[in-house]
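Peer 1: Before I ask anything, let me first share the structure, which is written out below as structure tokens.
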Amino acid sequence: MPTERVTVSLDEEAAAALADLVDRTGEGRSEVIRRALTFYAANFEAASNDAGPNLAAYHRMLSGGEHVLLDVDFLHCFLDYVEDETGTPDPAFLDAADTVADYHAREYAGRFDDVGELLEWLSFCGFLSVRATEGDTYHVVFPSASLRWFMTRFIERSVRDLPFELEIEESVSKVLVTERRPDADAA
């Protein structure tokens, strides 16, 4: 197969990246550039659709060891087995889940200013989808009724230290979440 010569100008950052890849792979510069171009072409959609912030956040979450990828079917299995035949969750499970929510409440106090930011984060984590918003009301959709009760309980407990209160209206697999600011209601 004939080769085509290309001259490329590299800025300082690209030159450093190329040098690093050459050192790490033991390949020549031309081979590293060929492989990089092939990889970029194969992953063009991810590279050009502003996936960077999401990929970076996923990487931070997973590399810290605090989060794991979990197939949603496994999550549903777990939730199905914490309920008895009447659909009542096991009290020991609720205590453990509430402990996790209480920890997150302390973490979220310094991280989120409104419920929209929190819902966006939980959506990013895959627990729910925010379908539409109207003012301070969010239409939240869950993949199942069991995930709805679990995450609704988590959300209610984890926002306790934030500067607002929530009003939650539940349906089968979706909820309306409305943020209420005590100081705004008094005005």
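Every number in this text was worked out from the coordinates using simple rules, so none of it is lab data. Predicted model only: the values in this text are computed from it and were never measured. No Cβ is skipped: glycine too gets one built from the backbone with ideal geometry, and neighbour counts run over all protein chains shown.
Peer 1: Which Cα, out of A16, L122, A132, lies furthest along the positive dipole direction of the chain (beta carbon charges, K/R +1, D/E -1)?
Peer 2: So the residue furthest toward the plus end is A16.
Peer 1: Given R₀ = 35 Å, FRET efficiency for C125-T88 by Cβ-Cβ distance, to 0.05?
Peer 2: That gives a FRET efficiency of 0.85.
Peer 1: Treat each spin label as a single point 7 Å out from the Cα along the C-beta direction, and report the R181 to L69 distance in nm.
Peer 2: That separation, rounded to one decimal, is 4.0 nm.
Peer 1: So for the pair R60, S9, with labels modelled 7 Å out along Cα→Cβ, what separation do we get in nm?
Peer 2: Those two pseudo-labels are separated by 3.5 nm.
Peer 1: At 222 nm, what value in deg cm²/dmol follows for the chain if DSSP H runs of at least 4 each add -39500 (n - 2.57) and the sum is divided by all its residues, to the nearest 500?
Peer 2: Computed mean residue ellipticity for the chain: -17000 deg cm²/dmol.
Peer 1: Segment 67-175: Rg/Rh from Cα coordinates, Kirkwood Rh?
Peer 2: Answer for segment 67-175: 0.95.
Peer 1: Which of L37, M151, P89 sits farthest toward the positive end of the charge dipole of the chain, with +1 on the Cβ of Lys and Arg and -1 on the Cβ of Asp and Glu?
Peer 2: The one lying farthest along the dipole's positive direction is L37.
Peer 1: Can you work out ³J(HN,Hα) from phi for every residue in segment 164-177, in order, using Karplus 6.51 cos²θ - 1.76 cosθ + 1.60 and θ = phi - 60°, giving whole Hz and x for Gly and Pro?
Peer 2: In residue order, the calculated couplings are 7, 10, 10, 10, 10, 10, 9, 10, 5, 10, 10, 9, 9, 10 Hz.
Peer 1: If you average 1/r across every pair of different Cα atoms in the chain and take the reciprocal, what Kirkwood value do you get, in Å?
Peer 2: Kirkwood hydrodynamic radius for the chain: 20.4 Å.
Peer 1: Measuring from label point to label point, each 7 Å out along Cα→Cβ, what is the Y40 to E107 span in nm?
Peer 2: So the label points at Y40 and E107 sit 3.6 nm apart.
Peer 1: Follow-up. Assuming 0.36 nm per residue, please report the length gained on full extension of the stretch E134 to E165 beyond their Cα-Cα distance.
Peer 2: Answer, rounded to one decimal: 9.5 nm.
Peer 1: Over what distance in Å are the Cα centres of segment 122-187 and segment 55-77 separated?
Peer 2: 21 Å
Peer 1: If you take the Cα atoms of segment 117-187, find Rg, then find the Kirkwood Rh from the mean of 1/r over all pairs, what is Rg/Rh?
Peer 2: 0.96
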